[in-house]
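What follows is calculated from the coordinates using simple rules that are stated; it is not laboratory data. The shown structure was predicted, so the numbers you read here are calculated from the model rather than taken from an experiment. Neighbour counts are summed over all protein chains in view; Cβ atoms, including those assigned to glycine, are modelled from backbone coordinates with ideal geometry.
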Amino acid sequence: MLHIHDVRKLTGVTVRTLRHYDHLDLLMPAAKTEGGHRLYGEYELKKLQQIQFLKQIGFSLGEIKSMLQEENWEWTDSIKKQLIYVVQEQQHLHQTEILLRELMNSIALEGQDHLEAIRKLMLLMDGEKTMQDRYKEKVFNQQQMQLLDRIPRMVGHDSDSLEWIGLIGQLKEHMDRGLSDDRVQQIIRRMDEKRSEQFEGEDDFLNKLWEIRLSPEESEKMGLYPIDQDLLHFMEDAYTVFMQSKQKEKD
């Protein structure tokens, strides 16, 4: 026989938990000492392992009690139901992960303006995905549809998406410096480098995408994250300054 404290050391199950199992008539001790301390034998230890296993795969203590006590318990049905529940929870957790990544990236883009990031994400979530897909198919050809996978995504945790989000956030932070400011132009230069890296020779696609970006209504139809119009126009004007400077260097 093992003392309750020895069971704790052997299994890692706390004394409090063992007492709770006893109160529930889930796992009663084999005997007690004269001082009232619980004692457990080999049978109880095996049953404790079963309880911990079933608990680990998601069954409640009430379910476990019935499963171990009822001779005609429908094990297959219970396991199927638990599996369905776990799959649904996985889907829910995956969706939650997506929302958390979107929120984290949105906050970075909005310059730590948490409430504005939440507001824009809520607007984005109101969109109908089927309608967005139809809109994309109407505007872009089959080859360009494949290019859409390369544009930065608020849910993305790939290096390209994160860098684009960071660059847009930095540009927003430095708008008050003016179009020709060195820091602003450095950001635009890096944006241009990334454009070349990801979309070299795809000017028609980029021009379509930019026209959509400049229209809040069209951006919403496509399901794009809402970026402030002031920032988009600043980006466009800063890019014009960058290209003019680039041309002068060639001349």
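Brief remarks follow.
- Filter pass, Gln198 being farther than 28 Å from Leu121 by Cβ and either in contact (Cβ under 8 Å) with a residue 12 or more places away in the chain or in a loop (DSSP other than H, G, I, E, B) (or both): no
Quick grid of which residues meet (1) assigned to a loop (DSSP other than H, G, I, E, B); (2) of a type outside the set (A, V, I, L, M, F, W, C); (3) over 27 Å from Ala117 (Cβ atoms); (4) without any contact (Cβ under 8 Å) to a residue 12 or more places away in the chain:
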position: Gly169; (1), (2), (3), (4): no, yes, no, no
position: Leu179; (1), (2), (3), (4): yes, no, no, no
position: Lys194; (1), (2), (3), (4): no, yes, no, no
position: Leu209; (1), (2), (3), (4): no, no, no, no
position: Glu217; (1), (2), (3), (4): no, yes, no, yes
position: Phe234; (1), (2), (3), (4): no, no, no, no
position: Asp237; (1), (2), (3), (4): no, yes, no, no
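- Whichever residue in region 78-119 is exposed (fewer than 11 other Cβ atoms within 10 Å of the Cβ) and among the hydrophobic types (A, V, I, L, M, F, W, C) and, among such residues, is farthest from the chain's Cα centre (by Cα): Ile84
- Selection status of Lys221, exposed (fewer than 13 other Cβ atoms within 10 Å of the Cβ), basic (Lys, Arg) and farther than 23 Å from Gln112 by Cα: no
- Check on Tyr43, among the aromatic types (Phe, Trp, Tyr) and more than 29 Å from Leu2 (Cβ to Cβ): no
- Extreme residue, nearest to Gln198 (Cα to Cα), among residues of region 131-163 that are touching a residue at least 40 places away in the same chain (Cβ under 8 Å) and not in a helix (DSSP H, G or I): Ile151
- Scope region 165-192; condition of a type in the set (A, V, I, L, M, F, W, C), touching a Leu at 6+ places or on another chain (Cβ under 9 Å) and within 19 Å of Arg101 (Cα to Cα); matching residues: Ile165, Ile168
- Within region 140-154, considering residues that are surrounded by 16 or more Cβ atoms within 10 Å (Cβ to Cβ) and not polar (S, T, N, Q), the one nearest to Glu97 (Cα to Cα): Met154
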